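What follows is a single structure, written as structure tokens, with notes after it.
The values are calculated or read from the model by the stated rules, or taken from the named source; none is laboratory data. The structure presented is a predicted model; accordingly, all values stated were derived computationally and were not measured. Cβ placement follows ideal geometry from the backbone for every residue including glycine, while neighbour counts extend to all protein chains displayed. Note: accessible area is taken over every heavy atom of the protein model, side chains too, but ligands, DNA and RNA are not part of it. Shrake-Rupley method; radii C 1.70, N 1.55, O 1.52, S 1.80 Å.
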Amino acid sequence: MVSTLIAVTAIIIAFWAVIYALFKDRSNEEEGLSVDFFIAMWRTKRLLGFIDRLARKNGKFWKVYADIGIALGFMGMAYVFYALFKTAMATLQTHGKQAGVQLVIPGLTIPLWYGLVGLAVVMVVHELSHGVTARADGLPLKSVGLVLLAVIPGAFVEPDEEALSKASLRTRLRVYGAGSLANIATALITLLIINFAVSPLLQPSGVLVSGVLENGPSHGILQKGDVITAMDGMHVKTLDQFIEFMNKTKPGQVVILTVLRDGKTININVKLGKHPDKPGEGFLGIYPAQNVVSKIGMEWLILPLFFSLYWIYVLNIGIGLMNLFPLVPLDGGRMLDDVFKRYLPEGIANPVRYLTIGIGLFLLALNLWPALANLAG
């Protein structure tokens, strides 16, 4: 894992060195391409008319929509702060073994193509919501465009910061809160589509090995992508059946796994280890996931559709909520910052802001600790 991470990092650095050398002198901050280290932005004014037309239609609706975003923003802020505080304390108690914030790196921590599709949807709906809300409240936009941050693609809407800073508190909160509202709404709509349109077309067909724990009982025996269809001759179609079987095993027990690998069915013997959290229970040392197949065939279409929608849901709900964490420059941080400036005396507002930033950075660091440790192997 460490060697892979080093190689990927070297490739990314080399790519950006070439891009910077080729385009640094052609950068345009107003319109067109601008390049800096590890970030490339392409701006255009052509889509501003589309956003204007969208904002003018049902202007009252967009203002009510944005007010809902304010309420959701502060509720989400409290929830995310509580969740990160809870997992941070668990991280300290377990010396970094408790999972916290998961890094989103397509091809490394999430699937490459499904992850890119999900991230693209996250960025587009988030920034479009910011832009439409701003225009509905009469704020000018400078440009819209695409961005590549290291390896993560995205989209952006660039408001006139001077006009935004002079706007009323309610208008600014509307603009800030609208992005996460769009992400959460997109996640809920996607979940409905999955549950009522796509999931009925699928059926469970075993347990997918989505990863193998290094130095675990299955290391060098099972492979990522294997599908376990039976254990000791008992058919296993669902994760619940897998968990039920494993709950009855003991450390040192040899289990015969029937595995589908590269289209062929093979039997594999694995000697179970000791479960790290349940000492009397056997441990296989894999990251299990539900494997599914299509009931109607056309798996070339149904399965990619399902996984694309799944990652659109996961990334929109996760990033949408995380964006409400009260830490500048996240939208939640900007919302809280503006409220402090408005309602607290300057002599109190600044210390409170710095305290909030300090606590936020501390919690974020504790939550990122397990993810960074896992990534480094």
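Yes/no matrix, rows are residues, columns are (1) over 13 Å from the mean Cα position of the chain (by Cα); (2) in contact (Cβ under 8 Å) with a residue 24 or more places away in the chain; (3) open to solvent by less than 20 Å² (accessible area, probe 1.4 Å); (4) under 25 Å from Leu305 (Cα atoms):
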residue: Val104; (1), (2), (3), (4): no, yes, no, yes
residue: Ala134; (1), (2), (3), (4): yes, yes, yes, no
residue: Val144; (1), (2), (3), (4): yes, yes, yes, no
residue: Glu158; (1), (2), (3), (4): yes, yes, no, no
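The set of residues from the range 123-158 being within 21 Å of Asn58 (Cα to Cα) and not aliphatic (A, V, I, L, M) comprises His126, Glu127, Ser129, His130, Gly131, Thr133, Arg135, Asp137, Gly138, Pro140.
Selection of the range 134-169 for residues being part of a helix (DSSP H, G or I), aliphatic (A, V, I, L, M) and farther than 19 Å from Val124 by Cα yields Ala163, Leu164, Leu169. Of all residues in the range 315-359, none satisfies the criterion of being under 14 Å from Ala78 (Cβ atoms), out of contact with any Leu (no Cβ under 9 Å at 6 or more places or on another chain) and small (Gly, Ala, Ser).
Quick grid of which residues meet (1) at pLDDT 95 or above; (2) farther than 24 Å from Leu108 by Cα; (3) among the polar types (S, T, N, Q):
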residue: Gly211; (1), (2), (3): no, no, no
residue: Glu214; (1), (2), (3): no, no, no
residue: Gly220; (1), (2), (3): no, no, no
residue: Gly225; (1), (2), (3): no, no, no
residue: Ile256; (1), (2), (3): yes, yes, no
residue: Gly263; (1), (2), (3): no, yes, no
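Scanning the range 160-181 for residues that are among the hydrophobic types (A, V, I, L, M, F, W, C) and without any contact (Cβ under 8 Å) to a residue 40 or more places away in the chain yields Ala163, Leu164, Ala167.
For the range 197-236, which positions are within 23 Å of the chain's Cα centre (by Cα) and either under 27 Å from Lys274 (Cα atoms) or of a type in the set (A, V, I, L, M, F, W, C) (or both)? Correct list: Val198, Leu208, Val209, Ser210, Gly211, Val212, Leu213, Lys224, Gly225. Of all residues in the range 33-53, which are modelled with pLDDT of 80 or more and not aliphatic (A, V, I, L, M)? Matches in the range 33-53: Ser34, Trp42, Arg43, Thr44, Lys45, Arg46, Gly49, Phe50, Asp52, Arg53. In the set (1) open to solvent by 40 Å² or more (accessible area, probe 1.4 Å); (2) touching a residue at least 24 places away in the same chain (Cβ under 8 Å); (3) β-branched (Val, Ile, Thr), the condition left unmet by Val64 is number (2). Condition test on Gly118, is it out of contact with any Lys or Arg (no Cβ under 6 Å at 6 or more places or on another chain), in contact (Cβ under 8 Å) with a residue 40 or more places away in the chain and either of a type in the set (D, E, K, R) or within 26 Å of Trp42 (Cα to Cα) (or both)? Spelling it out, Gly118 is indeed out of contact with any Lys or Arg (no Cβ under 6 Å at 6 or more places or on another chain), in contact (Cβ under 8 Å) with a residue 40 or more places away in the chain and either of a type in the set (D, E, K, R) or within 26 Å of Trp42 (Cα to Cα) (or both).
Rundown of residues vs (1) in a helix (DSSP H, G or I); (2) over 30 Å from Gly115 (Cα atoms), yes/no style:
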residue	(1), (2)
Glu244	yes, yes
Lys248	no, yes
Leu260	no, no
Leu303	yes, no
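Within the option set Pro329, Pro304, Pro351, being under 23 Å from Val121 (Cβ atoms) and either open to solvent by 60 Å² or more (accessible area, probe 1.4 Å) or acidic (Asp, Glu) (or both) holds for one residue only, Pro329. Inspection of the range 272-287 finds a residue satisfying the criterion of being in contact (Cβ under 8 Å) with a residue 12 or more places away in the chain, surrounded by 19 or more Cβ atoms within 10 Å (Cβ to Cβ) and among the aromatic types (Phe, Trp, Tyr). Pairs linking a residue in the range 182-195 that is more than 22 Å from Val132 (Cβ to Cβ) and in a helix (DSSP H, G or I) to a residue that is of a type in the set (Ser, Thr, Tyr) and open to solvent by 20 Å² or more (accessible area, probe 1.4 Å), with Cβ atoms under 6 Å and 6 or more positions apart or on different chains, are Leu191/Tyr313.
Okay, residues lined up against (1) under 30 Å from Asp338 (Cα atoms); (2) touching a Leu at 6+ places or on another chain (Cβ under 9 Å); (3) assigned to a loop (DSSP other than H, G, I, E, B):
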residue: Leu208; (1), (2), (3): no, no, no
residue: Gly211; (1), (2), (3): no, no, no
residue: Pro217; (1), (2), (3): no, yes, yes
residue: Leu222; (1), (2), (3): no, yes, yes
residue: Gly252; (1), (2), (3): no, yes, yes
residue: Asn269; (1), (2), (3): no, yes, no
residue: Pro279; (1), (2), (3): no, no, yes
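Residues are listed down the side, and each one gets a yes or a no for (1) open to solvent by less than 60 Å² (accessible area, probe 1.4 Å); (2) without any contact (Cβ under 8 Å) to a residue 12 or more places away in the chain; (3) hydroxyl-bearing (Ser, Thr, Tyr):
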| site | (1), (2), (3) |
| --- | --- |
| Gly225 | yes, no, no |
| Thr229 | yes, no, yes |
| Lys237 | no, no, no |
| Glu244 | no, yes, no |
| Val254 | no, no, no |
| Thr265 | no, no, yes |
| Trp311 | yes, no, no |
